[in-house]
Amino acid sequence: MIVVDSSIWIDYFNGTISNETDWIEESLGIEPIIMGDIILAEILQGFQNEKDFKT
């Protein structure tokens, strides 16, 4: 089980390519990834447009 920091999730959802976002892409559905409530709140604040936030 791995905790991924909000900054990496924000990069992932905004399409930033890095080793960390590549790891998330490869690990989703395979590796258990956990997220705390504070991390979720920070992720939601990091969206760049309203459509992505609502999705």
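Every number in this text was worked out from the coordinates using simple rules, so none of it is lab data. Quantities reported herein were computed from a predicted structural model and do not represent experimental measurements. We place every Cβ from the backbone using ideal geometry, glycine too, and count neighbours over all the protein chains shown.
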Next item on the list: Have a look at the range 2-54 and give its Rg and Dmax from the Cα atoms, expressed in angstrom.
Entry: 10.9, 29
Checklist line | Gaussian network model of the chain, springs between alpha carbon atoms under 10 Å - residue of ASP11, ASP37, ASP22 with greatest fluctuation | finding: ASP37
Item checked: On Cα atoms only, tilt of 37-46 relative to the major axis of the chain in degrees -> 50
Next item on the list: With springs only between Cα atoms under 10 Å apart, run a GNM on the chain and tell me which of ILE33, ILE24, ILE43 wobbles the most.
Entry: ILE33
Item checked: Neighbourhood charge, 13 Å Cβ-Cβ cut-off, centred on GLY36 and excluding it, Lys, Arg +1 and Asp, Glu -1 -> -3
Note to self: Assuming 0.36 nm per residue, please report the length gained on full extension of the stretch GLN48 to ASP5 beyond their Cα-Cα distance.
What the structure shows: 13.7 nm
Check: Quick one: putting +1 on the C-beta of Lys and Arg, -1 on the C-beta of Asp and Glu, what dipole do you get for the chain around its Cα centre, in Debye to the nearest 20?
Finding: 220
Item checked: Other-chain or far-sequence residues with amide H under 5 Å of ILE33's (modelled H) -> ILE2
